[in-house]
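Presented below is the structure to which this report refers.
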Amino acid sequence: QVQLTESGGGLAQPGDSLTLSCEASGRFAMGWYRQSPGRDREFVASITYKGANKYHSQAVRGRFTISRNTGNTAYLQMRNLKPEDTGVYYCAVDTSHGRLEQPDYWGQGIQVTVTS
């Protein structure tokens, strides 16, 4: 059983920055998804097991950056936040692949609200 501990998030104004963290109980390919009210869960960003490759959705490319430390924690740095970034952000890991292909463990989710 993989444990995921998410932190960060909260309330922000348009143009602000926030950073999400996700600590896993092991080293895996990791990433973030988000779900906004009335919408399906969507991919945001992912990083490979070794951290060599990163992927960002078109919606956040250039504003969000995923990274990881030498341990088991991944970060999602979110800059120039927009109201449409509002939603619940979920950390995910893939224990079977070097990149996030089929997430098999999910965090509980953390709320990000962007409003003026």
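The values are calculated or read from the model by the stated rules, or taken from the named source; none is laboratory data. None of the values given here were measured: they were computed from a predicted structure. Cβ placement follows ideal geometry from the backbone for every residue including glycine, while neighbour counts extend to all protein chains displayed. To get the accessible areas, we keep the full protein, side chains included, count just its heavy atoms, and leave off ligands, DNA and RNA. Shrake-Rupley method; radii C 1.70, N 1.55, O 1.52, S 1.80 Å.
Here are a few things to note about the model shown:
- Residues within segment 33-44 that are in contact with a Gly (Cβ under 6 Å, 6 or more places away or on another chain) and either in a loop (DSSP other than H, G, I, E, B) or open to solvent by less than 50 Å² (accessible area, probe 1.4 Å) (or both), tallied: 2
Here's the yes/no breakdown for (1) open to solvent by less than 50 Å² (accessible area, probe 1.4 Å); (2) at pLDDT 95 or above; (3) assigned to a loop (DSSP other than H, G, I, E, B):
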{"residue": "Tyr55", "(1), (2), (3)": "no, yes, no"}
{"residue": "Asn80", "(1), (2), (3)": "no, yes, yes"}
{"residue": "Val93", "(1), (2), (3)": "yes, yes, no"}
{"residue": "His97", "(1), (2), (3)": "no, no, yes"}
{"residue": "Leu100", "(1), (2), (3)": "yes, no, yes"}
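- Qualifying residues in segment 57-72 (those that are over 11 Å from Leu4 (Cβ atoms) and among the polar types (S, T, N, Q)) - the one least open to solvent (accessible area, probe 1.4 Å): Ser57
- Matching option when the condition is open to solvent by 20 Å² or more (accessible area, probe 1.4 Å) and in a loop (DSSP other than H, G, I, E, B), among Tyr49, Tyr75: Tyr49
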